[in-house]
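Please treat every number below as a calculation from the coordinates, not as lab data. What you are looking at is a predicted structure, and each value in this text was computed from that prediction instead of being measured. Positions of Cβ are generated from backbone atoms using ideal geometry, with glycine treated the same way; all protein chains shown enter the neighbour counts.
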Amino acid sequence: MSEPEILFDIVEGVGRIVLNRPKALNALSLAKIGEMDRTLRGWADDPGVKAVIIEGAGNKAFCAGGDIRVLSDAARAGDDATIRQFFRAEYTLDRLIKTFPKPYLAFLNGITMGGGVGISVHGSHRIATENTLFAMPETGIGMIPDVGGTWFLPRCPGAVGLYLGLTGQRLKAADCLYAGIATHIVPAERLGDLEAGLCEAARRADDADRMWQAITDVLDVFHEDDEAPPLETHRAAIDAAFGQDSVESILSALDGMDTEWSAQTAATLRGKSPTALKVAFRQLRAGLQLDFDQAMQMEFRLATRITRTPDFSEGVRAAIIDKDNAPRWSPDTLEDVDDDQVRAFFAPLGDGDELAFE
């Protein structure tokens with residue numbers, strides 16, 4: 001009998017969630033999202049649970065994202081109901097984590113991308129390790145950086161969030177800390193000791209305030225921050241280029257810098273879906289003016305629409321199915337992306353189709 005794909009238990013007052021699908025890089029299925037949602041709601045009201053830890057099985061991935069194949073199959077079949085059901089459940093879970101009343105600690109030990117970001121970055125504590133590999137690579141499959149990217153990416157330092165959201169740039173631990181994606185760095189070999197320390201803290205804490213302080217004290221003991229973040233080296237160039245008022249202007253600024261970094265960044269952007277780039281640019285520029293719920297509601301409109309475009313199916317084909325990494329975008333240039341079409345992604349959905357939170 002195979003093990004469950006997600007494991008739950010409570011140890012010394014700490015609720016533990018283990019994403020147990022290592023061969024699939026602990027990717028999220030709709031069923032796992034539902035199980036997490038139900039369990040967290042129960043733990044939020046359970047006085048016997050003082051904090052939550054979530055981690056992925058194995059050292060390769062925390063969670064590589066959602067089940068993109070299911071969404072791609074649904075898009076090809078015109079199955080809007082499945083697409084909306086998945087995003088509604090996923091975004092509702094992300095909001096539950098954002099508003100969770102107790103410490104929620106995510107161990108980002110390994111690949112943390114897409115949906116894996118949604119179930120970690122909105123928690124109170126995000127612990128990176130030397131194995132952490134963070135990215136929001138959605139524009140490379142004709143999608144937008146979702147799962148709350150509208151809210152957290154614009155709140156990274158300067159133009160760093162827009163840079164990450166458009167390019168899908170991968171970050172290691174020091175950069176995650178610099179960008180505010182991680183709150184702490186702990187060596188992977190010490191995660192077991194950290195977890196034991198957190199359980200001991202929960203056992204001793206007799207009220208919520210003491211629990212929050214105990215979590216802080218334990219993490220301060222284990223935190224190691226002795227590596228310079230590469231992002232800081234490029235920060236001035238990132239702000240100069242990605243502070244422009246259009247994707248075309250960003251590329252023009254990068255081309256004018258004439259450095260190895262700028263050339264590589266421009267080449268990366270030119271490989272992404274032009275439609276996704278333009279929608280994501282507008283999305284992330286708007287995100288700074290929205291509260292969390294508004295950001296998630298806007299994302300729901302964008303995600304349910306953009307997954308029905310040819311670029312999403314083509315991006316999934318090129319990156320995940322055929323793996324030829326040679327997507328044929330439609331349209332294939334920024335100049336051919338119609339501005340009215342971009343604005344249409346943001347229009348309200350029909351009555352009863354909007355994302356609503358309880």
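Points to keep in mind about this one:
- Basic side chains Lys and Arg get +1 at the Cβ, acidic Asp and Glu get -1 at the Cβ, and with that the dipole of segment 234-358 about its Cα centre reaches some 260 debye.
- Relative contact order (%) - criterion: Cα under 8 Å, at least six apart; region: the chain: 17
- Gain upon complete extension [Ser246, Thr259; 0.36 nm per residue less C-alpha separation]: 2.6 nm
- Segment 6-344 shape via C-alpha gyration tensor axes, a/c threshold 1.5: prolate
- Among Leu269, Leu30, a tally of other beta-carbon atoms within 10 Å of each Cβ gives an order, fewest to most, of Leu30, Leu269.
- Positive-end extreme of charge dipole, the chain - chosen from Ser2, Gly142, Leu355 (charges on Cβ): Ser2
- Unit charges at the beta carbon, dipole of segment 6-344: most positive-side option, Phe300, Gln85, Val18: Gln85
- The lysines whose alpha-carbon is closer than 20 Å to the alpha-carbon of Lys32, local same-chain residues fewer than 8 away aside, are Lys23, Lys60, Lys98.
- Cβ-based exposure ranking for Glu248, Glu90, in which fewest neighbours within 10 Å come first: Glu248, Glu90
- Against the main long axis of the alpha-carbon atoms of the chain, helix 80-98 sits at an angle near 50°.
- Total formal charge among the other residues, if their Cβ is under 11 angstrom from that of Ala303, Lys/Arg +1 and Asp/Glu -1: +1
- Degrees between helix 208-222 axis and first principal axis of the chain (Cα, 0 to 90, nearest 10): 70
- Only Lys, Arg (+1) and Asp, Glu (-1) charged, at Cβ; the chain dipole about Cα centre in debye: 500
- Put in line by how crowded their Cβ is, counting other Cβ atoms within 10 Å and starting with the fewest, Leu7, Leu162, Leu177 read Leu7, Leu177, Leu162.
- Helix-only mean residue ellipticity at 222 nm for the chain, each DSSP H run of n ≥ 4 adding -39500 (n - 2.57), per residue, nearest 500: -14500 deg cm²/dmol
- Peptide ranges 150-156, 333-339 listed from the most packed, as the mean C-beta count within 10 angstrom indicates: 150-156, 333-339
- Total formal charge among the other residues, if their Cβ is under 12 angstrom from that of Ser124, Lys/Arg +1 and Asp/Glu -1: +3
- Relative contact order computed over segment 171-307 (Cα-Cα under 8 Å; 6+ residues apart), in percent: 18
- Maximal additional length on extending the Lys23-Thr333 stretch stands at 107.9 nm, based on 0.36 nm per residue less the C-alpha distance.
- Rounded to the nearest 10 degrees, the inclination of helix 292-306 to the longest alpha-carbon principal axis of the chain is 50 degrees.
- Within segment 325-355, backbone nitrogen closer than 16 Å to the virtual label 7 Å beyond the Cα of Asp293 toward Cβ: 354-355
- The peptide list 182-194, 214-226, put in order of mean Cβ contacts within 10 Å with the highest first, becomes 182-194, 214-226.
- FRET efficiency for Arg308 and Val11, using Cβ-Cβ distance with R0 set to 56 Å, rounded to 0.05: 0.80
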